Every structure is written in C-alpha cells, then in structure tokens.
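Let me begin by presenting the structure, written as structure tokens, before commenting on it.
Bear in mind that the values in this text are calculations on the coordinates, not laboratory data. Note that the structure is a prediction, hence the values are computed from the model and not measured. Methodologically, a virtual Cβ is constructed for each residue, glycine included, from the backbone with ideal geometry; neighbour enumeration extends over all protein chains shown.
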Amino acid sequence: MLGFDGLVENSIDATSTRDFVAEYLAMISILMTNLSRISEDFILWSTSEFSFIELADEFTSPSSIMPQKKNPDILELTRGKTAEVIGNLTAILTTIKGLASGYGRDLQQIKSSIWSTSKTSISALLILKSMLF
C-alpha cells in the first residue's frame, strides 16, 4: 500500500546501508568535475591570448586595478565548489567505512553533505546553462 518494491528480509541491511548516498554523491562529483573542466576551458578561451569567447558582464566582475578586465568569478567559483563536492563524497565514504552493521547515529552526519552537494550542483548547472543560452 505504501508503494515499496517489496519486503527487505535483512533488517540490518535495510537500516544500515547508505550505498545509495555514496552512489549519488559519486555521480554528482563526476558531474561537477566535468563542469569544472568546462569552466576552466571557458576561462582559458576568454583570455586576451585566446579570445575565442567573451563572457557576459553578469557572469564576471571588473578588476580593481584594470576596470576593463572581466574576471570570470562564477567559473572560478564553480571550480572551487567542485573541490567541496568531492570533499563531501570523501566525508560520506569515511563515515560509512567506520560503521558496524546496523544503524549508527553517525549516519545523521551525512545529511548536511547531501543537501550541500545538491544545492551546489543545481546552482552550477543553472548558472552554466544561463551562460550558454
């Protein structure tokens, strides 16, 4: 009646496994790594040496020394946030590896990593989409 796929016969496995969280964060880490690489390409391509692309003003900030220069802040922040997402994956894997079978209160600690990673990745995707369209 609740829409579950079926009965989980092993209650320890049902309450202690967090593989789905590790898999989710691993996928988001790979996504963010690719967004970081795209960001790096855009940063490089927008330099005066390459001039392949010009970044819109809403995605850059002027330099305090050279006001005509466009600093690609959003793209640089995307690269930096990627490190944070990978750190969240590492934190979750480290928490999970130290647990015995069964539920441990330690699992409460992974929630903040999930929410932070989700928020960061959604923001990065929305911003890069806005830059491209």
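The relative contact order of the chain, computed from alpha carbon pairs under 8 Å that lie at least 6 residues apart in sequence, is 31 percent. Normalise the Debye intensity by I(0) for the stretch 19-132, one equal point scatterer per Cα, no solvent, then take log10 at q = 0.10, 0.13, 0.19, 0.22 Å⁻¹ and round to two decimals. The Cα Debye sum returns log10 ratios of -0.39, -0.58, -0.93, -1.13. Taking the helices alone, the chain has a mean residue ellipticity at 222 nm of -21000 deg cm²/dmol, built from -39,500 (n - 2.57) per DSSP H run of at least 4 residues and averaged over all its residues. May I ask for the net charge around Lys81, where only other residues with Cβ less than 14 Å from the Cβ of Lys81 are counted and Lys, Arg are +1 while Asp, Glu are -1? Neighbourhood net charge equals -1. With K and R counted +1 and D and E -1, the other residues having a Cβ less than 13 Å from that of Ala26 yield a net charge of -1.
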